[in-house]
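The values are calculated or read from the model by the stated rules, or taken from the named source; none is laboratory data. Everything numeric here is computed off the predicted structure, so don't read it as measured data. Every residue, glycine among them, receives a Cβ derived from its backbone with ideal geometry; neighbour counts consider all protein chains shown.
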There are 2 protein chains.
Amino acid sequence: MTVRKTDTKLPKKRLRPENREQQILDEAVSFFAEKGISGKTRELADRLGITQPLLYRYFPTKRDLIEGVFEKVYLNKLNPEWLKTITDRDRTLQDRLCEFYRSYSAATYRYDWIRVYMFSALMGEEMNRRYTKLIEKEILTPICVELREHCGLPSKKRVSQAELDHIWVLHGGLFYFAIRKHIYHGRVSKNFSVVVERAVNAMLEGTKSISADP
Amino acid sequence: MTVRKTDTKLPKKRLRPENREQQILDEAVSFFAEKGISGKTRELADRLGITQPLLYRYFPTKRDLIEGVFEKVYLNKLNPEWLKTITDRDRTLQDRLCEFYRSYSAATYRYDWIRVYMFSALMGEEMNRRYTKLIEKEILTPICVELREHCGLPSKKRVSQAELDHIWVLHGGLFYFAIRKHIYHGRVSKNFSVVVERAVNAMLEGTKSISADP
DNA sequence: ACACTAGTTTATCAGATGATAAATAAAACT
DNA sequence: AGTTTTATTTATCATCTGATAAACTAGTGT
């Protein structure tokens, strides 16, 4: 069977190194997000419309490419605005947390991000643990402090593991929405904001309520 | 360098097919949970102290072995007692949910289970989607019904996606505890029961509270 | 127009890996 | 004990896959 060359194939344009590297990295993120880290370099090259050895001009080993993908996904994902939002006591905590999760989810609850994140976590990548610790320190601990204030509790002692775990249930519960969507491919509400509002509202009211009596 | 045969090597006992198959399957679960689905058959055989071709006597292909692992992990994981616990209106909902999560977490929040579950999900395995739907139907929907009762709301209409998503935040939030522990290898509280109690209590109180005013 | 530079392809390797066939030996049977 | 059966190993294959080297050619400068 003869192959008809009727497809609109662009006359193989050459790219400048920096552009080609970016192009490869972009496609690699979406490729490995879909296929997992054991995705084959030849298949990635096919998607890019280039030959497999060309990858090795820009990334000496597959591991280097994967690391590029990880970096691209993990890097600069902590927006300094978030801490400001969370600690802005001129607004209600409900309001602040909803805005934070609106912004945070827009940044991270994406197909590529969620999946690469989970693949790297399963691989035991150091980068993942570092990120989780950073979230605890820069986001969850401040939320715990604000939560104390919201519940009318004193805030002298260090935020405990129990307090962190309590807020992790909300944080992880909302993250799990993205897992259900992008990893389980299950049915989820279209409007995530509504889910956030309800969950945050219930958590705040509930936590205040149970902090009162014992 | 000569190898000293000083190791206490048992004189290669033969197993009956059913025993050997079970032994392989048991080790395969823990092996693939750790290494992921791209774990090599030779390495698995090494762990078992057998040769790699022997695996193929019991499982014609690697895929068959993996499917055995999936089945072993997914099968019979839905305890009929759970539904009874959840719907037993002689007890407080707080009490019922805490007991359910105690039992549910003991059954599923295990290193092997959580990881194989996540690997299979990332592979887009049908088994995973089926399981998730089953959880929604047999566990989460009943909880939503009980939650309506708990909040003094009427329960005529069908449980909505919004209601499911709300309870998914709790369910996923608690599941996320296991993800943090077994996938992220992060620091978590020793006593999961305490986390459950607090989260369930806050959710129930909070949801009742926000169901009252609007 | 010619030569040079460097981005890209072609050809190929070496090791890994899933899988198979034949040889071996432990257990079971007579 | 001798024979048969079959669990297990040894040897090996075909293919895949990450990686390398050399050939090729589009673009650039003179």
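Brief remarks follow.
- Unique match (being assigned by TED's automatic domain parsing to the domain that holds A:Met203 and either β-branched (Val, Ile, Thr) or in contact (Cβ under 8 Å) with a residue 60 or more places away in the chain (or both)) among A:Thr41, A:Thr61, A:Thr51, A:Thr87: A:Thr87
- Condition check for A:Glu67: within 19 Å of the chain's Cα centre (by Cα) and not assigned by TED's automatic domain parsing to the domain that holds A:Ala178: yes
- Exclusive hit being part of a helix (DSSP H, G or I), over 13 Å from B:Val29 (Cα atoms) and more than 16 Å from DNA strand D (Cβ to nearest atom), set B:Glu67, B:Glu81: B:Glu81
- Each residue in the stretch B:91-120 was checked for being more than 19 Å from B:Thr141 (Cα to Cα) and either not basic (Lys, Arg) or not in a helix (DSSP H, G or I) (or both), and 14 of them qualify.
- Residues of the stretch A:22-56 that are surrounded by fewer than 16 Cβ atoms within 10 Å (Cβ to Cβ) and outside any helix (DSSP H, G or I): A:Ser38, A:Lys40, A:Gly49, A:Thr51.
- Residues satisfying the stated conditions in the stretch A:181-203, i.e. of a type outside the set (Val, Ile, Thr), more than 7 Å from every other protein chain (Cβ to nearest Cβ) and assigned to a helix (DSSP H, G or I): A:Lys181, A:His182, A:Phe192, A:Ser193, A:Glu197
- Reported count of residues in the stretch B:9-45, each being within 11 Å of DNA strand C (Cβ to nearest atom) and more than 14 Å from chain A (Cβ to nearest Cβ), is 12.
- Residue check, A:Tyr131 within 11 Å of chain B (Cβ to nearest Cβ), under 30 Å from A:Ser38 (Cα atoms) and crowded, with 19+ Cβ neighbours inside 10 Å: yes
- Out of A:Ser120, A:Ser160, sole residue that is under 23 Å from A:Ala199 (Cβ atoms) and either within 13 Å of chain B (Cβ to nearest Cβ) or within 24 Å of the chain's Cα centre (by Cα) (or both): A:Ser160
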